[in-house]
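Please treat every number below as a calculation from the coordinates, not as lab data. Remember, it's a predicted structure, so these values are computed and weren't measured experimentally. Counting neighbours? That spans all protein chains shown, and the Cβs are built from the backbone with ideal geometry, glycine included.
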Amino acid sequence: MAKVRDYLVLLGIAGLVIALDQWAKYLVRLNLETGETWSPFEWLSPYARIIHWKNTGAAFGLFQSGGLLFTVIAILVSIAILYYYPRVPSSQVALRFALALQLGGAGGNLIDRLIHGIVTDFISVGSFPVFNVADACISIGTAILIAAMWVEERRARVQGVEDLAVGMGDEEEAKERESPAG
């Protein structure tokens, strides 16, 4: 039953990411021609805008000729997350959340690749490459994953030092008990 609950949480978060990503992409495809830009305020346009962009490559427009490769990678990453997720202790909430964001992001872009043959990107901030909700969730999930693993590794190291100190204290007490009173 715990595994079912784990998968429901994973798929719930990933499903929300996919729904938001697909809805935003739908609105962009419906309202903007490819290459057309929109900004709610003219003064904001140089800093942040919506632009309808077609991407055949990876996140942020990298590797434009790798569409099929990234389709396969998205499938493999999704399978790996589905396999690995229930093995992550439930106490590691950040790590589980990171995996859910990554699954949702991979799923959102995979749907685009399978249905449209390209990924719709639309968020343009400054001179940064154009991206979408799925790309953002993959990036945020990766950042959370790295931070959570770093925190967990530091926690384990501190715990190891404390365990070692306690163990050394036990050895000293044992030696005192064994030594003859002098």
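As a size descriptor, the averaged projected area of the C-alpha convex hull of the chain was calculated at 16.8 nm². Simple rule: put +1 on each Lys or Arg Cβ and -1 on each Asp or Glu Cβ in the chain, find the dipole, and look at A156, P89, L68; the Cα lying farthest toward the positive end is L68.
For segment 120-129, backbone phi angles converted through the Karplus equation (6.51, -1.76, 1.60; θ = phi - 60°) give residue-by-residue couplings of 7, 9, 7, 8, 10, 10, x, 9, 5, x Hz, Gly and Pro being listed as x. Charging the Cβ of each Asp and Glu at -1 and of each Lys and Arg at +1, and nothing else, the dipole of the chain about its Cα centre rounds to 800 debye. Compactness ratio for segment 1-59: Cα radius of gyration over 2.2 N^0.38 Å (N = residue count) comes to 1.62. Of all the options S78, S91, S45, the one that moves most in a Gaussian network model of the chain with Cα springs shorter than 10 angstrom is S91. Among D112, D121, D163, the largest mean-square fluctuation in a Gaussian network model of the chain (Cα springs under 10 Å) belongs to D163. Think of segment 2-155 as a dipole: +1 on every Lys or Arg Cβ, -1 on every Asp or Glu Cβ, centred on the Cα centre; then among T56, I140, A100, A100 lies furthest on the positive end. Using a cutoff of 8 angstrom between alpha carbon atoms and counting only pairs six or more residues apart, the relative contact order for the chain works out to 27 percent.
Put a dot 7 Å past the Cα of V93, heading toward its Cβ, do the same for R5, and the two dots end up 1.4 nm apart. Result for the chain in a Gaussian network model with C-alpha springs under 10 Å: among G117, G126, G107, the largest mean-square fluctuation is at G126.
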